[in-house]
Amino acid sequence: MTSHLVTGIAELVTHDERFAGPLGVLPDAALVVDDGRVAWVGPASSAPDADRRTDVDGRAVLPGFVDSHTHLVFAGDRADEFAHRMAGARYTGGGIARTVAATRAATDDELRTRLAALVAEARAQGTTTLEVKSGYGLDVAHEERLLRLAREVTTETTFLGAHVVPPGVDRGEYLALVTGPMLDACAPHARWADVFCEPGTPLAFDRDEAHAVLTAAASAGLGLRVHGNQLRPGPGARLAVEVGAASVDHATHLDDADVAALADAARHGGPVVTLLPGVELSTRSPYPDARRLLDAGVEVALATDCNPGTCFSTSMPLMVALGVAHLRMTVEQAVRAATLGGARALRRDDVGHLRVGARADLCVVDAPSVAHLAYRPGVPLARTLTLARTLTLD
Ligand code: NIG
Ligand code: FE
């Protein structure tokens with residue numbers, strides 16, 4: 001096997017506690033990759049030999065971003081809905097039905113092409129692990145199809161049949177479908193199940209319905225995730241704690257009891273709180289307060305939620321910048337949330353850090369420190385570093 005030495009790293013974020021600060025940073029560092037894994041990290045002055053060598057020329061390197069929440073398999077466009085919102089309309093989730101209609105009408109190849117383009121777009125901005133949900137099929141055949149397509153690009157696939165009750169379908173019948181035949185068809189293609197738990201949004205699911213969806217999914221062997229507390233205070237976060245979900249996502253409206261429950265659960269591997277500030281940006285809504293969760297000891301992840309309705313962005317650097325600008329995060333907290341936090345939300349220990357043994361997923365920042373991700377918002381500095389015969393920045 002060919003080993004590869006990366007040199008010229010002005011700042012290396014490892015999340016290795018042996019190194020400095022909250023991110024385990026090594027200045028003037030080098031890193032050796034062997035067989036796709038990190039084999040050595042340390043000061044450039046003591047770097048070992050390797051078969052090949054890449055010089056990143058004074059740039060910063062961090063673990064590839066882990067985007068633990070996306071809805072990337074869909075067809076159609078809702079730019080008009082976005083424009084109406086910016087003119088004063090409110091987000092209600094009603095547009096989901098339009099994406100469902102467009103997605104059902106698309107061929108596998110049309111969906112595949114769109115999905116591949118979005119994955120490439122994410123990768124070009126430093127994302128190396130992506131979760132992808134279904135949820136725009138909403139019948140057995142289409143949900144199963146979306147998960148089959150998602151599985152072509154990632155192992156982190158999530159069954160979101162319980163996104164909304166499709167218009168014109170009886171609630172009770174739909175719940176029976178999602179917890180029965182649809183789950184049976186989708187579970188073989190999914191690692192996770194998710195539910196849009198938002199009482200007050202008529203097409204979404206209340207606490208008891210969401211509980212039924214999650215317990216059925218757990219019995220089918222799926223890990224659990226929850227869309228909760230997005231539009232108003234509600235039961236999502238506490239339900240996530242109760243059922244042992246890996247994460248509760250959005251979590252924009254948490255009360256003190258929610259934070260206390262999440263903090264208590266955090267002591268024994270409770271849910272990661274995945275904040276999605278691109279949604280607040282794209283729906284012009286108040287941002288959540290990440291600092292309140294971090295101060296309480298809760299693990300926070302940042303993700304894009306990339307979807308055609310509430311945030312059509314694949315950019316993890318944007319989420320880091322928003323985390324710092326609007327969620328009261330320090331640069332270190334935001335960088336951790338976009339890497340290690342995402343990995344923890346997916347219960348993965350092979351990604352999101354660059355300790356020896358990690359997958360060699362490297363994000364290189366065209367700047368001397370990772371602070372530039374937030375310091376220079378909107379500037380395309382982050383890229384995925386592909387280690388091949390020659391250096392490729394894609
Ligand atoms: O995560 N909240 C529910 N689902 C998506 C939005 C779906 C859509 O509007 O198409 C979300 O924000
Ligand atoms: Fe979402």
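So if I check each of LEU373, LEU318, which one is surrounded by 19 or more Cβ atoms within 10 Å (Cβ to Cβ), within 26 Å of ASP194 (Cβ to Cβ) and modelled with pLDDT of 95 or more?
LEU318
Which residue, of THR283, THR304, THR274, is surrounded by fewer than 24 Cβ atoms within 10 Å (Cβ to Cβ) and either farther than 21 Å from VAL195 by Cβ or within 16 Å of ligand 2 (Cβ to nearest atom) (or both)?
THR283
Within the range 171-186, identify whether any single residue is assigned by TED's automatic domain parsing to the domain that holds THR252, surrounded by 17 or more Cβ atoms within 10 Å (Cβ to Cβ) and within 22 Å of the chain's Cα centre (by Cα), and answer yes or no.
Yes - at least one qualifying residue is present in the range 171-186.
Please verify whether the range 165-176 includes one or more residues that are β-branched (Val, Ile, Thr), within 24 Å of GLY228 (Cβ to Cβ) and in contact with a Lys or Arg (Cβ under 7 Å, 6 or more places away or on another chain).
Checked against the condition, which is being β-branched (Val, Ile, Thr), within 24 Å of GLY228 (Cβ to Cβ) and in contact with a Lys or Arg (Cβ under 7 Å, 6 or more places away or on another chain), the range 165-176 yields at least one hit.
To keep it simple, each residue is scored yes or no on (1) of a type outside the set (S, T, N, Q); (2) buried (at least 23 other Cβ atoms within 10 Å of the Cβ); (3) within 16 Å of ligand 1 (Cβ to nearest atom); (4) over 30 Å from GLU110 (Cα atoms).
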position: ASP35; (1), (2), (3), (4): yes, no, no, yes
position: ALA39; (1), (2), (3), (4): yes, no, no, yes
position: GLY42; (1), (2), (3), (4): yes, no, no, yes
position: VAL61; (1), (2), (3), (4): yes, yes, no, yes
position: TYR91; (1), (2), (3), (4): yes, no, yes, no
position: GLY94; (1), (2), (3), (4): yes, no, yes, no
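Which count do you get for residues in the range 215-239 that are free of Cβ contacts under 8 Å to residues at least 60 places away in the same chain and over 12 Å from THR274 (Cα atoms)?
The total comes to 15.
Of everything in the range 133-168, what is among the aliphatic types (A, V, I, L, M) and farther than 14 Å from LEU115 by Cβ? Give them in sequence order.
Residues satisfying the conditions are LEU138, VAL140, ALA141, LEU160, ALA162, VAL164, VAL165.
Could you list, in sequence order, the residues of the range 44-77 that are more than 30 Å from THR157 (Cβ to Cβ) and among the polar types (S, T, N, Q)?
SER45, SER46, THR54
With the condition being closer than 30 Å to GLU144 by Cα, I'd like the strands (runs of 3 or more DSSP E) fully within the range 10-87 carrying at least 2 qualifying residues. If you could, list the steps in order and put the result at the bottom.
On the way: elements: 25-34, 37-43, 52-63, 65-67.
Counting at least 2 such residues, we get 65-67.
Can you tell me which residue is nearest to CYS363 (Cα to Cα) among those in the range 46-75 that are in contact (Cβ under 8 Å) with a residue 24 or more places away in the chain and of a type in the set (Gly, Ala, Ser)?
Ranking the candidates gives GLY64 first.
Can you work out which of the residues in the range 218-234 that are within 18 Å of THR157 (Cα to Cα) and not in a loop (DSSP other than H, G, I, E, B) is farthest from ligand 2 (Cβ to nearest atom)? Quick ask: steps written out before the conclusion?
From the range 218-234, those within 18 Å of THR157 (Cα to Cα) are 218-227; that's our starting set.
So of that shortlist, the ones also not in a loop (DSSP other than H, G, I, E, B) come out as 218-219, 223-227.
On the way: ALA218: 20, SER219: 24, GLY223: 16, LEU224: 15, ARG225: 9, VAL226: 10, HIS227: 5 Å.
Selected residue: SER219.
Would you call ARG291 within 16 Å of ligand 1 (Cβ to nearest atom), basic (Lys, Arg) and either in contact (Cβ under 8 Å) with a residue 24 or more places away in the chain or surrounded by fewer than 24 Cβ atoms within 10 Å (Cβ to Cβ) (or both)?
Working: within 16 Å of ligand 1 (Cβ to nearest atom): no; basic (Lys, Arg): yes; either in contact (Cβ under 8 Å) with a residue 24 or more places away in the chain or surrounded by fewer than 24 Cβ atoms within 10 Å (Cβ to Cβ) (or both): yes.
Considered against the rule, which asks whether it is within 16 Å of ligand 1 (Cβ to nearest atom), basic (Lys, Arg) and either in contact (Cβ under 8 Å) with a residue 24 or more places away in the chain or surrounded by fewer than 24 Cβ atoms within 10 Å (Cβ to Cβ) (or both), ARG291 comes out as no.
Check whether at least one residue in the range 382-389 is over 18 Å from the mean Cα position of the chain (by Cα), modelled with pLDDT under 95, more than 29 Å from VAL226 (Cα to Cα) and assigned to a loop (DSSP other than H, G, I, E, B), and report yes or no.
yes
Given the condition more than 14 Å from ligand 2 (Cβ to nearest atom), touching a helix residue (DSSP H, G or I) at 6+ places or on another chain (Cβ under 8 Å), assigned to a loop (DSSP other than H, G, I, E, B) and closer than 24 Å to GLY94 by Cβ, answer yes or no: does some residue in the range 235-250 qualify?
Yes, because at least one residue in the range 235-250 is more than 14 Å from ligand 2 (Cβ to nearest atom), touching a helix residue (DSSP H, G or I) at 6+ places or on another chain (Cβ under 8 Å), assigned to a loop (DSSP other than H, G, I, E, B) and closer than 24 Å to GLY94 by Cβ.
Could you count how many residues in the range 135-189 are assigned to a helix (DSSP H, G or I) and either closer than 18 Å to HIS211 by Cα or in contact with a strand residue (DSSP E or B) (Cβ under 7 Å, 6 or more places away or on another chain) (or both)?
Residues that pass the stated criteria total 19.
The values are calculated or read from the model by the stated rules, or taken from the named source; none is laboratory data. Please read all numbers here as calculations on a predicted model, not as lab measurements. With ideal geometry, Cβ positions are generated from the backbone for all residues, glycine too; neighbour counts draw on all protein chains shown.
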